[in-house]
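Undergrad: I am attaching a structure below and will ask some questions about it afterwards.
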Amino acid sequence: MKLKSVLFLALLAFGAAGCLKDSCERTVSYIRVDPVYKTIDEIRDGTAVVEAPRALEEPGQIYYYDNKIYINERREGIHVIDNSDPEHPQNTTFIAIPGNEDLAIRNGILYANTFIDLLAIDLSTYQVMGRAEAVFPPLWEDIDNNRVAVYYKETPVTEVMDCETFGSLYRSGGVLWGAGPDVLIDISNMVDESSSGSAAGGTGVGGSMARFTIVDEYLYVVDDWQLHVFGLSNPFVPERVNEVQLGWGIETIIPYQDKLFIGSNSGMFIFDNSNPAEPALLSTFEHARACDPVYVQGDLAYVTLRSGTPCEGFSNQLDVVDISNITAPQLLISHPMDNPHGLGIKGTDLLLCEGDFGFKRFNAEDPMLIGQRLLDQDKSIHAFDVIPLPGNEKIALVIGEDGFYQYRFNDPEQLELISKIPVGR
């Protein structure tokens, strides 16, 4: 009797499993990620072609230099905006640079990546004057076919799938991701990779989300896990002089005085840059896993953490960090925010991009009270990064998914939108 009962239960379980397997199909919407390959010849053919101005479509990094705004069009090139009159900016030129994602400028020379190479472009003629080859690691190298993966194409897909296939999907930022048939690496790494200061002399100003920055005769570039140092003593021939391993999840870099502040999705690295060819790690400030731009003023570093990204964080806050003892940074206070991205400070004004929650201006005179002193907010835009315009004027340059905006903030409590170049026009 006992044996029959056991046998019956086994058969029942087997039957239930079979039914479950047969019925375990569902309609799933996810993002399929497929590598896009280029041969080395394709990467080095036809870069930096000057064209008529294009409409903004997928704006990325923003940079200010010599009354001009340079806006990266992700993986396509760079828009040049004449900002001599901030109330009437003029889209004048597009520099087509396949694979471009970031830039920096010194003494009239634009340094920009084209996939795995670094270009030096003379802004007086827009001619490529130099190229450092294969200085940035590719996402994937297909040696047999002499090609490299240069980015991952994201395609929305809705399909019926079984349990096993569903279990192979990767969840990040509230979105399901799936690897296409040609993907040869871990889907989590692939998703993380696909998500991609102050003016001094002849050097321009980048935002807090920048991955390129220039200090004196050195260009510093961060990728996902390392810091690349290029010497610019011969400005048209960037020379790779050092590489510093940082660990996974590196995101942003900003210089301040003789230090470099590097944001990662697990914390902030502070490097002594008194020997610019050999930055030396001084300290690390660790926080919960989250995407992490950094801005520095005086003895304080301001760090934003946000959720809903491949960084897999769940915090939305502005951390104020005491760096008066540079070897032992200490958290002073965390201010809750909505979804903070890039930020900047001018005087006592802290300017914060909040993604879909818009653009905010805070009184930062007392860093302990920032979260309680919101002066104004424009909720109508998506804001990604901001640059306070150098000089005496209180003007903020703001970039987001829906375009480029400029705000004047002379009024003690209000933001004034003075111009915009929207996406698609």
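The values are calculated or read from the model by the stated rules, or taken from the named source; none is laboratory data. Computed from a predicted structure; not experimentally measured. Quick reminder, even Gly has a Cβ in these numbers, built from the backbone with ideal geometry, and neighbours come from all protein chains shown.
Undergrad: Got at least one residue in region 348-370 being more than 22 Å from the chain's Cα centre (by Cα), surrounded by fewer than 18 Cβ atoms within 10 Å (Cβ to Cβ), assigned to a strand (DSSP E or B) and of a type in the set (Val, Ile, Thr)?
TA: No: region 348-370 contains no residue that is more than 22 Å from the chain's Cα centre (by Cα), surrounded by fewer than 18 Cβ atoms within 10 Å (Cβ to Cβ), assigned to a strand (DSSP E or B) and of a type in the set (Val, Ile, Thr).
Undergrad: With respect to SER380, determine if the residue is more than 23 Å from the chain's Cα centre (by Cα) and in a loop (DSSP other than H, G, I, E, B).
TA: In short, no.
Undergrad: Which strands (runs of 3 or more DSSP E) sit wholly inside region 110-170 and have at least 2 residues that are in the same structural domain as GLY180 (by TED's automatic domain parsing) and of a type in the set (Lys, Arg)?
TA: The qualifying strands (runs of 3 or more DSSP E) are 147-162.
Undergrad: Now for a different question. Just for region 224-257: of the residues that are touching a strand residue (DSSP E or B) at 6+ places or on another chain (Cβ under 7 Å), at negative phi and not in a strand (DSSP E or B), which one is surrounded by the most Cβ atoms within 10 Å (Cβ to Cβ)?
TA: Among them, the one singled out is PRO238.
Undergrad: Inspect all residues belonging to region 390-413 and state whether any of them is touching a Lys or Arg at 6+ places or on another chain (Cβ under 8 Å) and of a type in the set (Lys, Arg).
TA: yes
Okay, residues lined up against (1) over 24 Å from the mean Cα position of the chain (by Cα); (2) not aromatic (Phe, Trp, Tyr):
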| position | (1), (2) |
| --- | --- |
| ILE40 | yes, yes |
| ASP45 | yes, yes |
| VAL49 | yes, yes |
| TYR65 | no, no |
| ILE69 | no, yes |
| ILE95 | no, yes |
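Undergrad: Something else: Only one of these is modelled with pLDDT of 75 or more, farther than 16 Å from ASP34 by Cβ and among the acidic types (Asp, Glu): ASP162, ASP144. Name it.
TA: ASP162
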